Every structure is written in C-alpha cells, then in structure tokens.
Amino acid sequence: MENTVREFLETLLRDLRNIDYVKPEDIPNIALYMDQVTTFMDEQLAASKRYEDDKILTKTMINNYAKNNLLPPPEKKKYSREHVLTLLFIYYFKNILSISDIQSILNPITDRYFGNRDGFNMQDIYNEVFALEQEESQKLLKDLGKKYVIANSTFNDFPEEDHELLHAFSFICQLSYDVYIKKMIIEKLIDDLNHIKTAQSEE
C-alpha cells in the first residue's frame, strides 16, 4: 500500500483493460452447442478469474439457469448469440444478486426482447448498457484514487510497522461499504419493480 497513487491507478487501469467486457462482435454468428458455449465464455472471461482453476460457466450452471427460467431453452440443443448475451448478464449479476433477484430484473427483459425479430433485441440491450463502460471505468478510477488516498491517511498514530496492513484494511472497508450500499440500492429497486408487477397483475 506504499505505492504512489499514480502507480496504484496505473495498475488498476491495466487490470480493468484485461477485464474488458465481451463485445457482441466477438460472439460467433452461429448457434453453438453447450460445450462450445462454455469454452467461449471461459476464453473470453479468463481475465476475470481469481484463481486459474475457477470455472466461468459449466454445463450444470447452464442447466440450472434454464430450470430457473433465467435462460430461454436452446433450439435443437444449440444456443444462439442472444443466449450467450443473456448468459453474460447472468454472469455479471450472479456475483452480487440471488437467483430470484436476477429473475426479477432479467426475465422481463428476455420476455420482451429475446428472439424479437421486429424491433429491438437482446444485442441492442447489451450494446446500450455496455456503451457506458468506458465512461464508468474512468469515474471508477477517480473514485478509487480518492479512497486510496484517504485509506493511506488513516491510523497515523498506530505503530509504523502496522501501517501497510492497516491501510489495506481501511481501503478494503471503504470499498466494502461502497458495495454494501450499492447492493442495498439494487435490492430496493428490484423490490420496487416486483411491487409494480404485483400491482399490475391484480388490476
């Protein structure tokens, strides 16, 4: 934690570039069998693995998503580009949300746009959301830089040999609080959407 803020941000920027989102044009324009889907996802999202042996997506996961109505069924055991895009949304959501919460926000989207041939489809949804990625990454870096500086200014009265540990702990606490608050906001938004859907079904 004794690196300069500039070095810290440069490292973060490099890591963020490695975890670049999967672009729609990178997805094969042909239907894929399950083995091909898992291989594609593993290759494209390899940089997001924490450990080398981590699995991005398995056959069991895909089957569970289908059973939980998160993923529309394949056509003749083949998965379209829209299936892959839906799996990408699930992959990003599942790290912070429960399956039921993912259902609440994703099912209305797939119901309206999956396989839509007469207007907007899942690729349009994906493009719209991830067009914000670059701008949001820059905002994120600035925010992380501020938190990093604040963390390094804490615990000044504690023993110097403990500063690196305590600064890291302080930084982790700040980031954890940020995630905690955003998760609460996401869950409230989902609950509000569920209330609206319930009210509409009762009309």
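Some observations on this one:
- Cβ-defined net charge surrounding GLY115, 12 Å radius [Lys, Arg +1; Asp, Glu -1]: -1
- Remark: the Cα gyration tensor places region 63-132 in the oblate category, a/c being 1.5 or greater and a/b not exceeding b/c.
- Spin-label pair ASP26/ILE99, simplified geometry with 7 Å Cα→Cβ offset, distance in nm: 2.8
- Given charges at Cβ of Lys, Arg, Asp, Glu: the chain dipole, positive-most of ASN95, PHE8, LEU175: ASN95
- Rounded Å value of the spacing that divides the Cα centres of region 70-86 and region 114-158: 27
- Applying both filters, DSSP loop and at most 10 other Cβ atoms within 10 Å, to the trypsin sites (Lys or Arg not before Pro) of region 51-156 gives LYS76, LYS77, ARG117.
- Counted as membrane-span-like here are DSSP H helices of the chain whose alpha-carbon atoms extend 27 Å or more along the helix's own axis and whose Kyte-Doolittle mean is -0.5 or above; these are 163-202.
- Shape call, region 127-187: gyration tensor on alpha carbons, a/c limit 1.5: prolate
- Fraction of accessible area attributable to carbon and sulfur, the chain (%, probe 1.4 Å): 53
- Residue-normalised accessible area of the chain, expressed per residue, 1.4 Å probe, Å²: 68
- Out of every Cα-Cα pair that region 87-203 contains, those further apart than 17 angstrom amount to 71 percent.
- Relative contact order (%) - criterion: Cα under 8 Å, at least six apart; region: the chain: 22
The values are calculated or read from the model by the stated rules, or taken from the named source; none is laboratory data. Remember, predicted model here, so these are calculated numbers, not experimental data. Neighbour counts are summed over all protein chains in view; Cβ atoms, including those assigned to glycine, are modelled from backbone coordinates with ideal geometry. Accessible surface areas use protein heavy atoms only, side chains included; no ligands, DNA or RNA. Shrake-Rupley method; radii C 1.70, N 1.55, O 1.52, S 1.80 Å.
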